[in-house]
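Q: Mind looking over this structure? Questions follow.
Read-outs throughout are calculated quantities, based only on the coordinates presented, and are distinct from any laboratory measurement. Since the structure is predicted, the reported quantities are computational estimates derived from the model, not experimental observations. A quick note on method: Cβ atoms are made from the backbone with ideal geometry, for glycine too, and the neighbour counts reach across all protein chains shown.
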Amino acid sequence: MIAEKKEILTIENLHVKVEAKEILKGISLSIREGETIALLGPNGCGKTTLLMTIMGYSGYEITEGRIVFKGKELNHMPLHERVRLGIGAAFQKPPKVKGVKLSKVLEVIKKSNEYEEYIDKLNLRAHLSRDVNLGFSGGEVKRSEVLQLIAQKPDFIMLDEPESGVDLENIKILGNAIAHLLEKDKIIKERKASGLIITHTGDILDYVEAETSYVMYDGKIICRGNPRDILADIKNFGFRRCESCKKLIN
């Protein structure tokens, strides 16, 4: 059913430099409406660079290729317009925002009051009156980021290592909220939200189903397939097997 849906994001031969160094070296992938993909790869391979480039942060220079979202090229579109178009992200290490209360941020970005039921589900009631992420634990920061996304309700959601720094008890709470955000409680043909989950351990996939997985290595996509199969191979053999397949894939 996912294969019958239209593509919401298409990346074609994307090359990106950061501080004059080429990080992404010809990335091509697509995500359909209602589809979630997992992006795996060793540290430093370019996963976060891809997310930051899609989001439109400065310092990420596209030297070749293009990013198309909902039929519109994003290459030169400023970050705030990408957000308005329906892109949202939760970062691995989001900034602390002194002087801005979490409740105020939620009020400004909300599309509906649906997020209110998740304030307690994510154990964040006491944090509403606090400055965003200031003094929050690692798990609290991740839950706060997901609550903001639920309020924002973007069409395409990117999550950078959502399980990083989260203990086993809280990863279930976080995973259930992300599954709701990505509409996993709906049948496939009714899902509209699409997602890209960057994960190093794959633990989040125990709670959030991904239809497809890509493996990134040295700035390139070298493998695509079933998330469970790829993750099992990586856990057993590391990324060595993926690297040995690169000649066949390229």
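Q: Pairs of alpha-carbon atoms within less than 8 angstrom and 6+ residues apart define the contacts here; what relative contact order does the range 55-104 have, in percent?
A: Rounded, it is 36 percent for the range 55-104.
Q: With a 10 Å Cβ neighbour count serving as the proxy for reagent exposure, in which order, fewest first, do Arg66, Arg84, Arg32 appear?
A: Fewest-to-most Cβ neighbours within 10 Å comes out as Arg84, Arg66, Arg32.
Q: What list of ³J(HN,Hα) couplings, whole Hz, do you get for the range 160-172 from phi and the Karplus terms 6.51, -1.76, 1.60, once you set θ to phi - 60° and write x for glycine and proline?
A: 9, 6, x, 8, 5, x, 10, 6, 4, 5, 7, 5, 5
Q: Could you line up Glu12, Glu161 from fewest to most neighbouring Cβ atoms inside 10 Å?
A: Ordered by Cβ neighbours within 10 Å, fewest first: Glu12, Glu161.
Q: State the extension gain, in nm to one decimal, for the chain segment bounded by Tyr57 and Arg228, taking 0.36 nm per residue of separation less the distance between their alpha-carbons.
A: Stretched out fully, the Tyr57 to Arg228 stretch lengthens by 58.4 nm.
Q: Would you mind calculating the relative contact order of the chain from Cα pairs under 8 angstrom and at least 6 residues apart, reporting the percent as a whole number?
A: Once divided by the residue count of the chain, the mean separation gives 26 percent.
Q: Restricting to Cα pairs below 8 Å that are 6+ residues apart, what does the relative contact order work out to for the range 165-209? Please round to a whole percent.
A: With pairs under 8 Å counted, the relative contact order is 47 percent.
Q: Once you have a ≥ b ≥ c as the square roots of the Cα gyration tensor eigenvalues for the range 92-188, tell me rounded if a/c is under 1.5, and otherwise prolate or oblate according to whether a/b is larger than b/c.
A: Oblate, since a/c reaches 1.5 and b/c is not below a/b.
Q: For every helix of n ≥ 4 consecutive DSSP H residues, a contribution of -39,500 (n - 2.57) applies; sum these over the chain, divide by its total residues, and give [θ] at 222 nm rounded to the nearest 500 deg cm²/dmol.
A: After summing the helix terms and dividing by the residues of the chain, the value is -9500 deg cm²/dmol.
Q: Extension gain Lys21-Lys121, at 0.36 nm per residue separation less the Cα-Cα distance, in nm?
A: Here the answer is 31.7 nm.
Q: Between beta-carbons, use under 9 Å as the cut-off and find the net charge around Ile198, counting Lys and Arg +1, Asp and Glu -1.
A: -1
Q: With the Cα gyration tensor of the chain in hand, give its eigenvalues times 5 under a square root as the equivalent ellipsoid semi-axes, listed largest first in whole angstrom.
A: Whole-Å semi-axes of the equivalent ellipsoid: 28, 20, 18.
Q: Right, here's the next one. Given the Cα-Cα distance of Asn75 and Lys104 and 0.36 nm per residue of separation, how much length would full extension add, in nm?
A: Gain on stretching Asn75 to Lys104: 7.3 nm.
Q: Only four residue types carry charge here, +1 at the Cβ of Lys and Arg and -1 at the Cβ of Asp and Glu. Report the dipole size of the chain about the Cα centre in Debye, rounded to the nearest 20.
A: Rounded to the nearest 20 debye, it is 340 debye.
Q: Which net charge results for the neighbourhood of Val132, defined as the other residues with beta-carbon distances under 9 angstrom from its beta-carbon, given Lys and Arg at +1 and Asp and Glu at -1?
A: Charge balance in the 9 Å sphere: +4.
Q: Could you give the dipole magnitude of the range 61-107 about its Cα centre, charging the beta-carbon of Lys and Arg +1 and that of Asp and Glu -1, in debye to the nearest 20?
A: For the range 61-107, the charge dipole is close to 340 debye.
Q: Which residues' amide hydrogens lie under 5 Å from the amide hydrogen of Leu74, considering only partners 5 or more residues apart or on another chain, with H built in the peptide plane?
A: For Leu74, the qualifying residues are Ile67, Val68, Phe69.
Q: Can you give the net charge of the other residues whose Cβ lies under 12 Å from the Cβ of Val166, counting K and R as +1 and D and E as -1?
A: Result for the neighbourhood of Val166: -4.
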